[in-house]
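Accompanying notes for the structure given below.
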Amino acid sequence: MVTSNFDYFAPTTLDEATSLLSRYRGEAKVLAGGHSLIPMMKLRLAEPTVLVDIGKIDGLSYVREDGDGVAIGSMTTYRELETSSLVKSRYPLLADAASKVADLQVRNRGTIGGSLAHSDPAGDLPAVVLAIGGSVVARTRRSSREISIDRFQVDLLTTALHDNEIITEIKLPALPSGTGTAYSKFHNPASHYAITGVAAVITVSGGTCTEARIAVTGAGDKATRARRTERILKGKELTPAVIRRAASRAAAEVQDTLNDDIFASAEYRTHLTQVHAQRAIEEAAAAAG
Amino acid sequence: MTVEITVTVNGTAHTATVEPRLLLVHFLRDVLDLTGTHVGCDTSQCGACTVHLNEDAVKSCTVFAVQADGTEVTTIEGLADGESYTPVQQGFWDEHGLQCGFCTPGMIMTAEWLLKQNPDPSEAEIRAGLAGNYCRCTGYQNIVNAIGAAAKAGR
Ligand SMILES: Cc1cc2nc3c(=O)[nH]c(=O)nc-3n(C[C@H](O)[C@H](O)[C@H](O)COP(=O)(O)OP(=O)(O)OC[C@H]3O[C@@H](n4cnc5c(N)ncnc54)[C@H](O)[C@@H]3O)c2cc1C
Ligand code: FES
Ligand code: FES
């Protein structure tokens, strides 16, 4: 399959890259790992006339401590995330989710910035970052802003990013002591995309749950916080009955946009979301305790 | 627009002027005549097109040739030293790790990378490592045996 024609730029600095995006605003797309964009271009679902490849810019691939939290460069690949000792120790669910993306060839190319910017309804990392909290750093030629992850995923394949902005970094907050995390996914056996995936970050103090962020992907049109589930967990002792009740509400927020396709009916997805919410919450709660 | 790129393939630098939309797999097959790298699905699924790009196993149908400018690429043609096979190639030979052979270049390039990361993989780790490589003939068992044999030979 051949994509339509485009002009290609491979800037070596962020300044050049953001200038190119401004100059070709509306026509240009950023090319990161290319593992969502190139397949879409081959199918001519995307036909940008200009590509700005950010793969030749040094210094966009890193995982490092940043104050109390951790900062991750946007070009960091899944492979780098799953093998990073800092990610494994601070955000085990992120390392685990990265290791469950697709296959090793895809994980060698796909990036965290690309995954968030693309906002695939079945993408893994959008839900994981949403459950951890934190923000996305986006830069234009003239300025830089931090977008809270809670406001980042807007709609199907749509984020709060402007078309002249490049994601440079993802900032993750420190998780309080007593926090456990987990990601539970039911994957499509061919592509490994999430049919449903649930990310859970749970803090337990003195036997009660003081904080819970639960995010669902795959089921609806975008990664979404399961706020009803969170409310049921918060302030309670996480007994099996409480966890079951909370998990039973996990698909509520995506009810209006539930996917219903050849892989799984809406009803089946609702069921899978509850099952994987229960598993993720149980695992996170056990790790917190 | 055309772009001049230089890619070092199997140790030799090649310079060519290409359309940006040319895929790396077609650069290898059609421009350099290295037809050992196969196109199976052309939709990033099957792994027949796997090559090493700066030492990472990647699907060359999902990389533009221009992205490979300035990199080192290794293809199936770059593995054997004359008549002497790598342990992975020898493993596929000894264990009959192929039938039609269409998936084999991709399987071998993935296996080479896998054993570099993990020289002593379990059978489950080998199978997980092959998640991005499809074979329509063998049922995988002999491929898994071949990689296991290569790991043993490499130790
Ligand atoms: C066979 C296959 C299986 C897959 N399975 C899974 C799976 O199981 N789970 C999963 O989550 N994903 C899966 N993916 C998708 C994969 O994770 C993609 O790599 C990822 O979604 C996009 O990241 P990328 O770096 O490749 O981005 P690209 O494809 O380069 O870009 C994607 C989009 O984001 C924009 N963009 C990229 N980076 C930036 C940036 N820094 N700033 C601004 N905009 C940017 C681009 O302009 C484009 O619109 C799969 C892909 C394939 C081919
Ligand atoms: S041809 Fe590249 S993955 Fe199938
Ligand atoms: S040997 Fe025929 S596809 Fe694998």
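Observations on the structure shown:
- Screening A:Arg249, A:Arg225, A:Arg279, A:Arg269 for residues that are surrounded by 17 or more Cβ atoms within 10 Å (Cβ to Cβ), in the same structural domain as A:His187 (by TED's automatic domain parsing) and over 23 Å from A:Glu211 (Cβ atoms) leaves exactly one candidate, A:Arg269.
- Residue pairs whose Cβ atoms lie under 8 Å apart, separated by 6 or more positions or on different chains, with the first residue in the range B:82-105 and away from chain A (no Cβ under 14 Å) and the second within 16 Å of ligand 1 (Cβ to nearest atom), are B:Phe102/B:Gly40; B:Phe102/B:Ala48.
- Just one residue in the set B:Val25, B:Val63 is outside the structural domain of B:Cys103 (by TED's automatic domain parsing), closer than 22 Å to B:Gly101 by Cβ and within 13 Å of ligand 2 (Cβ to nearest atom); that residue is B:Val25.
- Unmet requirement for A:Ile38, which otherwise passes all of (1) within 12 Å of chain B (Cβ to nearest Cβ); (2) within 26 Å of A:Pro176 (Cα to Cα); (3) buried (at least 21 other Cβ atoms within 10 Å of the Cβ): (2)
- Candidate set from the range B:131-146 (those that are among the small types (Gly, Ala, Ser) and away from chain A (no Cβ under 14 Å)); member that is nearest to ligand 3 (Cβ to nearest atom): B:Gly139
- Filter result for A:Glu65 (within 14 Å of another protein chain (Cβ to nearest Cβ) and surrounded by fewer than 24 Cβ atoms within 10 Å (Cβ to Cβ)): no
- Any hit, the range A:107-116, residues being surrounded by fewer than 20 Cβ atoms within 10 Å (Cβ to Cβ) and modelled with pLDDT of 95 or more: no
Every residue, every condition in (1) among the aliphatic types (A, V, I, L, M); (2) more than 30 Å from B:Asp30 (Cβ to Cβ), yes or no:
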| position | (1), (2) |
| --- | --- |
| B:Cys46 | no, no |
| B:Val63 | yes, no |
| B:Leu98 | yes, no |
| B:Cys103 | no, no |
| B:Ala124 | yes, yes |
| B:Cys135 | no, no |
| B:Ala146 | yes, no |
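- Qualifying residue in the range A:130-141 (condition: touching a Gly at 6+ places or on another chain (Cβ under 8 Å) and either among the hydroxyl-bearing types (Ser, Thr, Tyr) or not assigned by TED's automatic domain parsing to the domain that holds A:Ala199 (or both)): yes
- Residue match in the range A:154-165 (condition: buried (at least 21 other Cβ atoms within 10 Å of the Cβ), more than 14 Å from chain B (Cβ to nearest Cβ) and more than 12 Å from the chain's Cα centre (by Cα)): yes
- Remark: A:Ile214 matches the filter, which requires a residue to be part of a strand (DSSP E or B), away from ligand 1 (no atom under 16 Å from the Cβ) and buried (at least 19 other Cβ atoms within 10 Å of the Cβ).
- For the range A:4-19, the set of residues classified as away from every other protein chain (no Cβ under 11 Å), in contact with a strand residue (DSSP E or B) (Cβ under 9 Å, 6 or more places away or on another chain) and of a type outside the set (Ser, Thr, Tyr) consists of A:Pro11, A:Leu14, A:Glu16, A:Ala17, listed by residue number.
- In the range B:89-111, the residues that are in contact with a Leu (Cβ under 7 Å, 6 or more places away or on another chain) and more than 13 Å from ligand 3 (Cβ to nearest atom): B:Gln89
- Any chance A:Lys56 is surrounded by fewer than 23 Cβ atoms within 10 Å (Cβ to Cβ), near ligand 1 (Cβ under 8 Å from one of its atoms) and not hydrophobic (A, V, I, L, M, F, W, C): no
- Meets criteria (more than 18 Å from the chain's Cα centre (by Cα) and assigned to a loop (DSSP other than H, G, I, E, B)) for A:Leu238: yes
- Identity of the residue in the range A:83-101, surrounded by fewer than 22 Cβ atoms within 10 Å (Cβ to Cβ) and over 12 Å from A:Tyr183 (Cβ atoms), that ends up farthest from the other protein chains (Cβ to nearest Cβ): A:Arg90
The values are calculated or read from the model by the stated rules, or taken from the named source; none is laboratory data. Keep in mind the model is a prediction, meaning the values are calculated, not measured. So basically every Cβ, Gly included, is an ideal-geometry build from the backbone, and we count neighbours across all protein chains shown.
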